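Before any comments, here is the structure.
The values are calculated or read from the model by the stated rules, or taken from the named source; none is laboratory data. Computed from a prediction, not measured in an experiment: that's the story for all the values here. Here the Cβ positions follow ideal geometry from the backbone for every residue, glycine too, while neighbour counts run over all protein chains shown. Surface areas here come from the heavy atoms of the whole protein model, side chains and all, with no ligands, DNA or RNA. Shrake-Rupley method; radii C 1.70, N 1.55, O 1.52, S 1.80 Å.
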Amino acid sequence: MRCVGGGLIGAALTLVACADEPLGRAVPPELDAAAVLVNEHNVLSAIVSVRARHADNVIVRYRLFDAAEAAASETPAVPITDETAAIPVLGLLPESRYVMRPLVSGAGGTVTGDALELTTGALPSDLPSYVASGLDPSPGYVLFAAGKYAVVIDNAGRVVWYRYFPNGAGLNFMAQPTGRYVLRPPAPDPAAVAPWVELDPLGNVTRTLSCALGLRPRLHDILLEEDGNYWILCDETRSMDLTAFGGVPDAGVTGTVVQHVGADGALLFHWSPFDHFEITDLDPAALTGATVNWTHGNAIDIDRDGNLIVSFRSLDEITKIDGRTGAVIWRMGGRRNEFTFLDTPTPAFAHQHGARAYAPGALLLLDNLGDPAESRAEHYVVDDASHTARLAQSYGSTPAVVTQLGGSVQDLGGGRTLVSFGTAGRVEEYDAAGRVMWRIEGNPGYVFRAERILSLYTPGVGTAR
C-alpha cells in the first residue's frame, strides 16, 4: 500500500493507514505456522500446509536428509488464499527421510520457514513394478492403469505416483488438459452405472462425471474442458427386430452416444447413432445375436475446426461430426467409407483405437487389425474437401504383435509417438524414423492406454492427449 496525506487531516490519516507498513515499502511476509502431512493415497507424496500473512504464494524446497542443500528440489508455487495454502510435494522415494522448507513470497520479499522432516512409508506390497529403458526418451512420465492401481512411472520405470482403488482402477487412466486425472473404476455391483472419477494431483476425488439422460458412461474416453464442461461417450441400448438380417426379433442393440455435459450437469449436446447411422453399417455376421455391439465408440477428440472426431471400433470407422448441429461431416473407413486412401493398403484400418486429431489435417490412430498379422500406429494426412487420406507414417513393434483389444497412440511432437499395443503388452516410444527411443521392458500387462505427461503437478497440461 502507498501512503499519501495532506495537511493535518491527511497526516492523521497517514499515521493510521501506515501503522503496519513503512512508507514506500511493502510489508514483509510473515510465516505463522507450517506443518508437513502424509498423503493418505500415496506414500510417494506429502502435503505441506502453511499459514502466512502479507504473502501471495508459497513453494516448498525439499531434499533427502543426507543430501546437500544444493541437491534440493522445488515444487511449483501455490497461491495463498485467506492466509493459508496446502502445497503438494510429489515424486518422493519410499522409506526415505526428507527435509522440507516452505518459502512464502509477497510484495515485501520472501521468507524461508524452519525445516520440516518427513519419512515416507513403504510401497504397497501388491503395487506393480516396472523397468523401462531407451536411448533418448522424451521428458516426463508415463501413466496407465494396472490392476487395482492407477500408476505413473518415470523413464527408468520407477513408480513415482499411484492411487489404489479397491474394485480396480478400470482400464483407462488418463490425464486431462485441465491438470487433473480421470478414470472410470468399476462399481462394486456390476449392474450399477459407474461414473468417471476426476482426481487432483494428490489423488483426491474432486468430482464424478456421468452421462445425462440416465445413459451409461463408456470407459473408453472422455475430454474435460477448462470451464468444467466435458465431452463423454455413453451407451444407449434399444430393442430392435433384426429377423430381416438373420437376427432375433427383440435384439438389444447398443450404440455409442456423444454428449457434451455442463459443469452443472446440464446437457449441452446430444448425438445418437440411431439418428444418423443404419444397422446395416455393421457387418451382417454381427447382427445375429441377442445383443448387438453396434458401434462401440472408443475415442473422441476435438478437431482444430471445433468439430468432433469419433472412433467407432465395430464399424471400422472414424466419423467427423459437427460439434454444434450434430450433422455428420464425413465418414472414413468401414462399410460407409467416403474417402480415397492414398499410399494405404486396403482396408486402411480395422477395429482401431485411440484416434486423435493432433494437428490440422492430421489424424493418428492405432490400427489394430487392418493387417491381421500386425497392429500398427498410423499417421494420416486428411483433406476434408477432397475426402482423401494419405498414410504418412506407420510404426509397428519388432517382432510384430497383434492386439485385437485396446491400445493407444499419442503424438509427442517432433515426430515422436508413444504407442501402447494393448493386450500384446508392449509400450514403446518411436522417433520420426520409427526407431524405438523408449520402452517398458518385458510385458507390463494389458495397457489399454498409455500417456506421457510433463509434470506430476499439472498432469496433461502442455501435452497432447
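The stretch 275-394 has equivalent-ellipsoid semi-axes of 21, 18, 12 Å, by the square roots of 5 times the alpha carbon gyration tensor eigenvalues, sorted largest first.
Which value, in Å², gives the accessible area per residue of the stretch 242-320 when a 1.4 Å probe is used on the protein heavy atoms? Spell out each step's value before the answer.
Details: 2770 Å² over 79 residues.
With all protein chains present, the stretch 242-320 gives 35 Å² per residue.
Note on the stretch 168-254: dipole from Cβ charges, positive end direction compared against Tyr230, Val253, Pro201; the farthest Cα belongs to Pro201.
Couplings 3J(HN,Hα) of the stretch 277-287, computed from phi: 10, 10, 4, 6, 5, 8, 3, x, 5, 8, 9 Hz, in residue order, whole Hz [Karplus 6.51 cos²θ - 1.76 cosθ + 1.60, θ = phi - 60°; x for Gly and Pro]. Counting only DSSP beta bridges whose two residues both lie in the chain, roughly 95 percent are antiparallel. For the pair Arg335 and Asp227 in one chain, pulling the backbone fully straight at 0.36 nm per residue adds 35.1 nm over the alpha carbon distance. Each of Val182, Tyr380, Thr344 was scored by the projection of its Cα onto the charge dipole of the chain, and the greatest displacement toward the positive side belongs to Val182; charges sit on the C-beta of Lys, Arg, Asp and Glu.
The 3J(HN,Hα) values that the Karplus relation (6.51, -1.76, 1.60; θ = phi - 60°) gives for the stretch 232-241 are, in residue order, 9, 9, 9, 8, 10, 10, 10, 7, 9, 8 Hz. Gly and Pro appear as x.
Check Phe269: other-chain or 5+ apart residues with amide H under 5 Å from its amide H, H built from backbone geometry? Here the answer is His260, since their amide H atoms fall under 5 Å of that of Phe269. Which label marks the calculated value of Cα extents along the principal axes in Å, given the options [x] 95, 53, 46; [y] 71, 59, 31; [z] 141, 53, 47? Checked against the structure: label [x].
Give, as ranges by residue number, the residues of the stretch 279-316 whose backbone N falls under 16 Å from the point 7 Å along Cα→Cβ of Val248. The answer is 286-294. A full extension of the chain between Ala156 and Asn293 corresponds to an added length of 45.4 nm, given 0.36 nm per residue minus the alpha carbon distance. Entry note, the chain: the mean residue ellipticity at 222 nm calculated from DSSP H runs of n ≥ 4, each adding -39500 (n - 2.57), is -500 deg cm²/dmol after division by the residues and rounding to the nearest 500.
For the set His379, His351, His260, solvent exposure ranked by accessible area (probe 1.4 Å, protein chains only) runs largest to smallest as His351, His260, His379.
Once C-alpha pairs closer than 8 Å and six or more residues apart are averaged by separation and normalised to the residue number of the chain, the relative contact order reads 11 percent.
Ligands, DNA and RNA left out, the 1.4 Å accessible surface of the stretch 210-355 is 49% carbon and sulfur atoms. For the stretch 87-175, the per residue solvent-accessible surface stands at 39 Å², with DNA, RNA and ligands left out and a 1.4 Å probe.
Given 0.36 nm per residue, what is the gain on full extension from Thr237 to Ala286 after removing their alpha carbon distance, in nm?
16.1 nm
Round to the nearest 0.05 the FRET efficiency obtained for Glu30 and Ser73 when R0 = 25 Å and r is the Cβ-Cβ distance. Result of the calculation: an efficiency of 0.50. Note on the chain: with charges restricted to the Cβ of Lys and Arg (+1) and Asp and Glu (-1), its dipole about the Cα centre is near 460 debye.
Between Ala424 and any residue 5 or more places off or on another chain, the built amide H atoms are never under 5 Å apart.
Take the Cβ atoms of Leu405 and Ser96, set R0 to 41 Å, and the FRET efficiency comes out at 0.60.
What the phi angles of the stretch 211-227 give under the Karplus curve with 6.51, -1.76 and 1.60, with θ = phi - 60°, is a coupling list of 7, 7, 6, x, 6, 8, x, 8, 7, 7, 6, 7, 9, 8, 10, 4, 7 Hz, glycine and proline written as x.
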